[in-house]
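Have a look at the structure below before the remarks.
The values are calculated or read from the model by the stated rules, or taken from the named source; none is laboratory data. All of these numbers come straight from a predicted model, not from anything done at the bench. Here the Cβ positions follow ideal geometry from the backbone for every residue, glycine too, while neighbour counts run over all protein chains shown.
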Amino acid sequence: MTTGRRSLLGFLSAVGMSDLGTRMSFLAVPWFVLTLTGSTVDMGVMAFAASAPYVAAQALGGPLIDTWGAWRVSVATDILATVFMGAVPMLDALHLLSLTGLGTLLAAAGIVRGLGDSARKVMVPGIGEGAGLALERSSGLFDGVSRGAALVGLPIAGVLVTWISAINVLTVDAGTFLASALLVGLLVSRHVEPPVTARQPGREESYLTAMRTGLRYLRDDSLLLSIAIMVLITNFIDQANSTVLLPLWAHNIVHSAVALGLVGGGFGAGAIAGNVLMTWLGPRVPRRLAFGVGYFLAGAPRYIALALGALLSPVLAVFIVGGLGAGGINPILGAVEYERVPRPLQARVLGALGAVAWVGIPFGSLAGGVVVSRIGLTATLWFGAVLYGLTTLMPFVFPVWRGMERRTDMMGPAVPRHPV
């Protein structure tokens, strides 16, 4: 096996293991908090504790990844995530775990996960080049493995929550981070890292200068900024759904953690099918049309189904179709982002873009818990459906989205528009 193929296999396996555990904890943590306190507000607070530091790490981590290297950051952060997530069930077994302690450990894990995910994202073009893959296909494989982790992780978590309890599922989560660290450390070549200008002799720059460079590039690229704003809004809604609305629907309407896992797994199954289709067809189809249609299918219909559905089967069917639409989104977004940002700037620019896109997530968790407590689950779901539907019409309304179509300079501008 060539070095490029070995790196591709090791990298995708590491992403799959890390995302598998993370997906399981998405179900286990809110379920644990709900059974412990019975409070939707506490569910939102714990989700905020995990997601706000994650967003902050993405916003602030680009220059650090430039300095330390994406490969090293990926390995080190997975090891730290193992420690932080493993401490949760350990302290619970010793009867030393409080909500404050849980929130602190989730926040620490969020910081290192944010850095690690940013590091792995900027390794994707190098991984694809080493294996001889087009951008749509390397980006599609990266997203597809994550989708696969959702497909497997959520149903397994639903069963394990019933079998071994929600808190013990976090022990499995810790093990997946350790496996990810070993896979990258042993199989992935360090040459997949993007070139790091900040470490070149005579070209040193301060942390704040590097941050400003990334934010300025994002501000000046209207398409990238529009993408960030659109994903910000939908992430805000989806975070409320995944951490509050969907667990409440499963807990209060169908009364089953297994149902929660099946719905999440159904969405993941559809997303894998959509991902495979877009990874294959990506270099041949109009990007804007495929992206806009897929995003719309992935959004509002799911919230309408939850608002109307007291039975599992119709909700599951809608989630599968929504997943099919969602599966084609990230391969297109990844290709567009990698094309428009020069490799030496990708850690800081894509980190800034990710931070804007993710900034709504912590507040989505809080808003979900508070709004449901005020107006009820059904009204909150209808509000989410309307807002999501309007947001996903943006690519068909604003001309800037025409810039999604394929560029001739496939790896971005030959000369960065800002000095590095």
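Values for this structure:
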{"read-out": "Which listed residue is at pLDDT 85 or above and among the aliphatic types (A, V, I, L, M), from 170, 160", "value": "170"}
{"read-out": "Hey, residue 90 part of a helix (DSSP H, G or I) and under 20 Å from the mean Cα position of the chain (by Cα) or not", "value": "no"}
{"read-out": "Filter result (in a helix (DSSP H, G or I) and farther than 20 Å from residue 233 by Cα) within region 308-323", "value": "308, 312, 313, 314, 315, 316, 317, 318, 320, 321"}
{"read-out": "Matching residues in region 8-39 - criterion: being polar (S, T, N, Q) and either surrounded by fewer than 24 Cβ atoms within 10 Å (Cβ to Cβ) or farther than 24 Å from residue 151 by Cβ (or both)", "value": "13, 22, 35, 37, 39"}
{"read-out": "When residues of region 50-75 are limited to those that are at pLDDT 85 or above and among the small types (Gly, Ala, Ser), the one surrounded by the fewest Cβ atoms within 10 Å (Cβ to Cβ)", "value": "69"}
{"read-out": "Residue count, region 261-288 (criterion: over 22 Å from residue 128 (Cα atoms) and either aromatic (Phe, Trp, Tyr) or in contact with a strand residue (DSSP E or B) (Cβ under 9 Å, 6 or more places away or on another chain) (or both))", "value": "1"}
{"read-out": "Residues within region 226-239 that are farther than 24 Å from residue 145 by Cα, touching a helix residue (DSSP H, G or I) at 6+ places or on another chain (Cβ under 6 Å) and not polar (S, T, N, Q), tallied", "value": "1"}
{"read-out": "Flag for residue 160 being among the aliphatic types (A, V, I, L, M), surrounded by fewer than 23 Cβ atoms within 10 Å (Cβ to Cβ), part of a loop (DSSP other than H, G, I, E, B) and out of contact with any Pro (no Cβ under 7 Å at 6 or more places or on another chain)", "value": "no"}
{"read-out": "Exclusive hit being at positive phi and touching a residue at least 60 places away in the same chain (Cβ under 8 Å), set 69, 4", "value": "69"}
{"read-out": "Residues of region 280-306 satisfying the condition of being under 18 Å from the mean Cα position of the chain (by Cα) and either in a helix (DSSP H, G or I) or among the charged types (D, E, K, R) (or both)", "value": "291, 294, 295, 298"}
{"read-out": "The listed residue being surrounded by 20 or more Cβ atoms within 10 Å (Cβ to Cβ) and over 18 Å from the mean Cα position of the chain (by Cα), out of 231, 254, 318", "value": "318"}
{"read-out": "Criterion (of a type in the set (D, E, K, R), surrounded by fewer than 21 Cβ atoms within 10 Å (Cβ to Cβ) and in contact (Cβ under 8 Å) with a residue 12 or more places away in the chain) met by exactly one of 78, 42", "value": "42"}
{"read-out": "Single residue of 344, 331 found to be touching a Ser or Thr at 6+ places or on another chain (Cβ under 9 Å), at pLDDT below 85, surrounded by 24 or more Cβ atoms within 10 Å (Cβ to Cβ) and farther than 19 Å from residue 400 by Cα", "value": "331"}
{"read-out": "Residues (outside any helix (DSSP H, G or I) and either β-branched (Val, Ile, Thr) or under 14 Å from residue 124 (Cβ atoms) (or both)) located in region 340-366", "value": "341, 359"}
{"read-out": "Test: residue in region 122-144 that is in contact with a Ser or Thr (Cβ under 7 Å, 6 or more places away or on another chain), among the basic types (Lys, Arg) and within 28 Å of residue 320 (Cα to Cα)", "value": "yes"}
{"read-out": "Residue under evaluation residue 372, criteria (1) in contact (Cβ under 8 Å) with a residue 60 or more places away in the chain; (2) of a type in the set (A, V, I, L, M, F, W, C); (3) buried (at least 24 other Cβ atoms within 10 Å of the Cβ), criterion not met", "value": "(3)"}
